[in-house]
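Worksheet: the structure to be examined is printed underneath.
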Amino acid sequence: MKSVLNDIAVYFYGNSSNIPVLFVHGFPYESHMWDFQIKELQNNFYCITFDCRGLGGSTSGDGQFTIESFVDDLIYIIDELKVNIPVLCGLSMGGYIALRAIERMQKYFRALILCDTKSDADNNEAKLRRAAGIKLINQEGAPKFIEGFVPTCFSKNSVQNLPIYKITLERALTSDPVGVKGCLLAMQGRTDTTSYLERIVIPTLVICGENDTFTPPQVMKTMKDKIRNSEFIVVPGAAHMTPLENPEYFNKAVKKFLSKLN
Ligand code: MLT
């Protein structure tokens with residue numbers, strides 16, 4: 001089922017009396033990136049996804065986004081739909097949003113799943129890369145940027161052999177340039193949530209692709225070590241897009257983690 005709440009496209013699957021799991025996608029993707037997980041979980045969990053403003057089915061407006069405003073949207077969805085203490089699952093940019101949401105309102109959430117993400121803010125090099133991305137979009141269009149960016153998120157093998165790679169790229173290519181640039185600026189301006197990690201008390205699962213170059217296993221393991229009630233898994237054969245590149249392994253780990261919650 002789909003609903004549009006405050007210009008945000010929100011999708012729900014399963015029975016609302018089950019434990020809710022709220023999925024936040026990465027950049028420059030949209031809620032379809034969780035399709036393999038929804039299919040697997042919807043019979044036992046209430047699954048909710050949404051398209052971050054400016055991506056997928058959510059309109060860009062003026063494109064002036066911040067991670068803070070994405071968190072406001074997330075909280076708005078939970079309040080509006082009266083979602084009962086969800087598990088929060090975010091990948092990469094979705095993880096930046098999830099970590100800041102936890103820092104702001106940990107009590108809103110039952111558990112946390114951090115996929116291919118990090119708590120650090122952008123360093124100077126990353127900030128300059130975002131700026132170069134925006135310049136490229138202005139000069140040559142968003143597809144040029146997306147065609148260069150998306151393959152770096154997947155392993156070589158996934159790019160060559162997984163049908164979902166092409167589907168994901170094609171979806172990303174339809175993105176509104178204003179939305180893509182707005183997300184780049186939001187990520188560039190995000191705060192560092194590292195100092196809050198030791199205050200996270202809800203059960204946390206940290207997931208990383210073995211070949212992730214954006215947020216490599218060592219970076220994610222260091223983050224995991226600061227979260228007291230946490231587990232860490234490395235997904236074989238995957239780079240930055242673990243739920244798409246090795247959904248069987250990913251889903252098994254998530255189901256095991258969720259089965260321990262009440
Ligand atoms: C993502 O997958 O959301 C992005 O790679 C995050 C980023 O560019 O920092």
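The values are calculated or read from the model by the stated rules, or taken from the named source; none is laboratory data. Since this is a predicted model, take the numbers as computed values, not measurements. All Cβ positions, glycine included, derive from the backbone under ideal geometry; neighbour counts span all protein chains shown. These accessible areas exclude ligands, DNA and RNA; they are computed on the full protein's heavy atoms, side chains included. Shrake-Rupley method; radii C 1.70, N 1.55, O 1.52, S 1.80 Å.
Values computed for the structure shown
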item: Selection status of Val83, open to solvent by 10 Å² or more (accessible area, probe 1.4 Å) and either closer than 30 Å to Tyr249 by Cα or within 14 Å of the ligand (Cβ to nearest atom) (or both); result: yes
item: Boolean, Glu170 is over 19 Å from the mean Cα position of the chain (by Cα) and either modelled with pLDDT under 95 or not polar (S, T, N, Q) (or both); result: no
item: Some residue of the stretch 58-69 being open to solvent by 10 Å² or more (accessible area, probe 1.4 Å), within 15 Å of the ligand (Cβ to nearest atom) and in contact with a His (Cβ under 8 Å, 6 or more places away or on another chain); result: no
item: Test: residue in the stretch 134-144 that is out of contact with any strand residue (DSSP E or B) (no Cβ under 8 Å at 6 or more places or on another chain), more than 16 Å from the ligand (Cβ to nearest atom), open to solvent by 10 Å² or more (accessible area, probe 1.4 Å) and in a loop (DSSP other than H, G, I, E, B); result: yes
item: Qualifying positions in the stretch 220-258 - without any contact (Cβ under 8 Å) to a residue 24 or more places away in the chain, of a type in the set (Ser, Thr, Tyr) and within 22 Å of Lys166 (Cβ to Cβ); result: Tyr249
item: Every residue from the stretch 150-187 that is of a type in the set (Phe, Trp, Tyr) and assigned to a helix (DSSP H, G or I); result: Tyr165
item: Hits in the stretch 171-201 - residues which are out of contact with any Leu (no Cβ under 7 Å at 6 or more places or on another chain), within 13 Å of the ligand (Cβ to nearest atom) and among the polar types (S, T, N, Q); result: Gln188
item: Residue within the stretch 226-245 that is open to solvent by 10 Å² or more (accessible area, probe 1.4 Å), away from the ligand (no atom under 16 Å from the Cβ), assigned to a helix (DSSP H, G or I) and in contact with a Ser or Thr (Cβ under 7 Å, 6 or more places away or on another chain) present; result: no
